[in-house]
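Here the structure is laid out as structure tokens; the discussion comes afterwards.
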Amino acid sequence: MSTASSDALYPIHSLSPVPRVLVSARATPAPVSPVSVCYLRVHHGRPDRTPEFRTILAQAQKRQRVAKPGPQQQPLLSEWQKREPNGHASAAATPSARSEFARNAAHIGRGITATMGKLERLAQLARRKAIFDDRPVEISELTYVVKQDLAALNQQISSLQLLTQSQHPTASQPRSADQEGQHHKTVVLMLQNKVTDVAANFKDVLEMRTKNMQASRSRTENFVSALLLMEEAQPTNTYIQERGQAIEAIEKTITELGSIFGQLAGMVQEQGEMLQRIDANTDDVVDNVHGAQRELLKYWNRVQGNRWLVAKMMGVLMVFFLIWVLIAG
């Protein structure tokens with residue numbers, strides 16, 4: 001191939017000389033391919049804009065983070081969900097009010113769960129029938145703690161009920177459209193039922209503990225009666241007195257539980273009155289439905305009678321028309 005043809009095929013050689021690498025005098029220079037020459041030509045004439053691209057990308061990401069809130073900043077409810085059917089925002093349906101009720105209800109639920117765990121431990125200890133190793137100190141502590149927990153839960157439920165009444169005053173009406181208020185009242189009733197069940201179980205455990213202590217006391221008296229007559233052992237008398245005091249403490253706790261049951265019964269009675277009103281309204285609705293059905297049947301019979309009357313009139317008209325045709329013909 002000639003020199004002119006080679007220049008036409010590889011014009012880069014004629015435009016700029018190819019840089020040679022400095023080597024020793026004995027080494028021969030390596031041949032440079034046309035592709036590498038083109039690569040050096042292109043990248044030698046354009047600057048590196050990678051830092052500028054990265055800067056633009058960082059600014060775009062920053063604007064995106066500012067414009068689009070994260071999952072923690074996005075509201076759980078939209079604006080139309082925060083409004084009532086009339087289009088105005090409800091003061092009782094604000095997120096702070098809902099969160100307050102939810103926090104109180106969740107706190108009461110956790111308290112009920114913790115009290116049930118303590119009650120299970122107390123029931124395990126109360127089932128023990130040992131004479132001298134029945135852990136009276138732990139049982140007394142658990143009894144006191146469970147009693148205080150029940151009183152606190154009862155007070156918290158009363159506060160939650162007052163909060164519901166203040167936030168949703170129309171929820172107590174039988175035909176109220178406040179669904180959130182009805183839901184809150186249902187939650188309060190459910191918590192009341194749970195606390196009532198826990199209190200009833202606590203009472204059963206205390207009664208079982210009392211029976212076991214009385215049986216243990218009778219066995220202890222029979223066991224140490226001979227020692228009392230012979231040695232008049234003072235420690236045994238002290239032990240029997242302690243058992244008697246423990247029984248009296250349990251009886252006192254059962255009496256205090258009676259007051260808690262009374263308060264819970266008052267709350268349940270209020271719910272029962274509301275259910276009775278709902279039942280009465282349901283009966284009224286059933287009566288109204290039956291009355292409407294009777295009226296519809298009367299109207300149906302009347303419509304059927306009108307149909308027969310229309311049919312008779314059409315028959316009479318047809319007869320007169322036929323007679324007129326015959327006479328005219």
Members of the stretch 124-176 that are assigned to a loop (DSSP other than H, G, I, E, B) and modelled with pLDDT of 85 or more: none
Number of the condition not met by Glu248 [criteria: (1) closer than 26 Å to Ala106 by Cβ; (2) modelled with pLDDT of 65 or more]: (1)
Meets criteria (modelled with pLDDT under 85 and touching a His at 6+ places or on another chain (Cβ under 7 Å)) for Ala92: yes
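The values are calculated or read from the model by the stated rules, or taken from the named source; none is laboratory data. Everything quoted here is computed from the prediction, not taken from an experiment. Cβ: placed from backbone, ideal geometry, glycine included. Neighbour counts: every protein chain shown.
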